[in-house]
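Working notes, beginning with the structure itself.
The values are calculated or read from the model by the stated rules, or taken from the named source; none is laboratory data. Nothing here was measured: the structure is a model prediction, and the numbers come from that model. Every residue, glycine among them, receives a Cβ derived from its backbone with ideal geometry; neighbour counts consider all protein chains shown.
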Amino acid sequence: MIPIESKLESNEKEFTEVKSMLEEHQFSLGGNWEYNHGYFDRYLDDAHMVWLRMPFDVINGSIDVDTEDLDAKIKLGRPFVLNHVYNDGLDDEANVNSLGGLVNQFQEPLDPDGKVEPKWVERAKEVLGEVEQRLLH
């Protein structure tokens, strides 16, 4: 994981405004969000292994995308780049999901914090520059 300084850090904005604008820049709300914090994620490579992640904390209101309760005000954290190194193939120890009987056939990352090449850090800075121009003006 490589933190990247950004003018966005510590900015407070409405969640819906930030979410909408970041979606225009190919970010999505990360699946590991909670009611009081979360991440906006954007992959930087075609293999979806190198990610630019923008953390946020909810400072007022709450986030519940299932009920569309999105009245939150958020404070953006320091963005960072990470590289998930995945093991190719199917997981021999796949578990059946109790909801729907689906099988989770993909393995855990071999290294959830793999080495990040400098070109991806530079690409992340370019993306952040575009987002800063849009969100801060």
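A residue that is loosely packed, with under 14 Cβ neighbours inside 10 Å, modelled with pLDDT under 95 and at negative phi occurs nowhere in segment 48-56. Just name the residue that is surrounded by the fewest Cβ atoms within 10 Å (Cβ to Cβ) out of those in segment 1-20 that are assigned to a loop (DSSP other than H, G, I, E, B) and among the polar types (S, T, N, Q). Selected residue: Ser10.
Candidates are the residues of segment 21-46 that are assigned to a strand (DSSP E or B) and of a type outside the set (S, T, N, Q); the one that is nearest to Ala72 (Cα to Cα) is His37.
Annotation for segment 30-37: no member residue is under 20 Å from Trp120 (Cα atoms) and modelled with pLDDT of 90 or more. Considering segment 1-17, and only residues there that are of a type in the set (Val, Ile, Thr) and modelled with pLDDT under 95, the residue that is farthest from Asp71 (Cα to Cα) turns out to be Ile2.
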